[in-house]
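Rule-based calculations on the coordinates, nothing more; no lab input. Values in this document were obtained by computation on a predicted structure and should not be read as measured data.
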Amino acid sequence: MKKHLEKYLHQNIPLSQAMGMQVEEASAVKVILKAPLTPNINHKKTVFGGSLHAAATLACWSLLHLNLKELQDVQIVIAKSEVNFQAPVLGDFTAECLLPEKKIWERFLKVLEAKSKAPIHLLAHIRSSEQICVAYHGVFVVLKNAS
């Protein structure tokens, strides 16, 4: 599943390849993406904030993609996001997104089935050297039968 997701991201979201993004873990409950400092470095020799935002968004999007890939004609779009930069990222980093609790996920699926459109709130964290450096909150909207 890891290599398939990584290939899909690199072919369909080229920014992921430019960032050096690799899939460290990919399951129905958790996605962890990792990226090196070098292609994401800024003028301060830390990771560029836009790269961190993109990595968190990609982790959340990937988790939804893995869980919804069996559905036909589904689009996953980001509607809103908020990033809290807590510490500079000085080296390689990971972006991790966990599936929300079962009750929230099941409600999301029911709304999607009933209305063919449903929002879901996802959280992600960016870690570097075992420290959480970035907290991310994204609101994604899934559109069913949206070709």
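Relative to the longest principal axis of the chain, what angle (0 to 90°, nearest 10) does the C-alpha long axis of helix 2-12 take? For 2-12 against the chain, the angle is about 90 degrees.
Round to a whole angstrom and tell me the spacing of the C-alpha centers of segment 1-80 and segment 108-147. Using only Cα atoms to place each centre, the spacing works out to 13 Å. Sequence-distant contacts, meaning Cα pairs under 8 Å at least 6 residues apart, place the relative contact order of the chain at 25 percent.
Cross-link partners for K103 among the lysines, with Cα-Cα distance under 17 Å and sequence neighbours closer than 8 places in the same chain left out: K30. Just so you know, the Rg over Rh for the chain is 0.98, from Cα atoms, with Rh as the Kirkwood radius. Against the chain, whose longest principal axis is taken from its Cα atoms, helix 102-115 shows a tilt of about 60°. Under a cut-off of 16 Å between alpha-carbon atoms, report the aspartates and glutamates in cross-link reach of K44, not counting same-chain residues fewer than 8 places apart. The reachable aspartates and glutamates, counting only those whose Cα sits under 16 Å from K44, are D92.
Filter K45/K69; K7/K110; K69/K110; K2/K115; K2/K45 down to the pairs with a C-alpha to C-alpha distance above 28 Å, please. Checking Cα-Cα distances, K45/K69; K7/K110; K2/K115; K2/K45 exceed 28 Å. In percent, rounded to a whole number, the relative contact order of segment 1-81 is 23, using alpha-carbon pairs under 8 Å and six or more apart.
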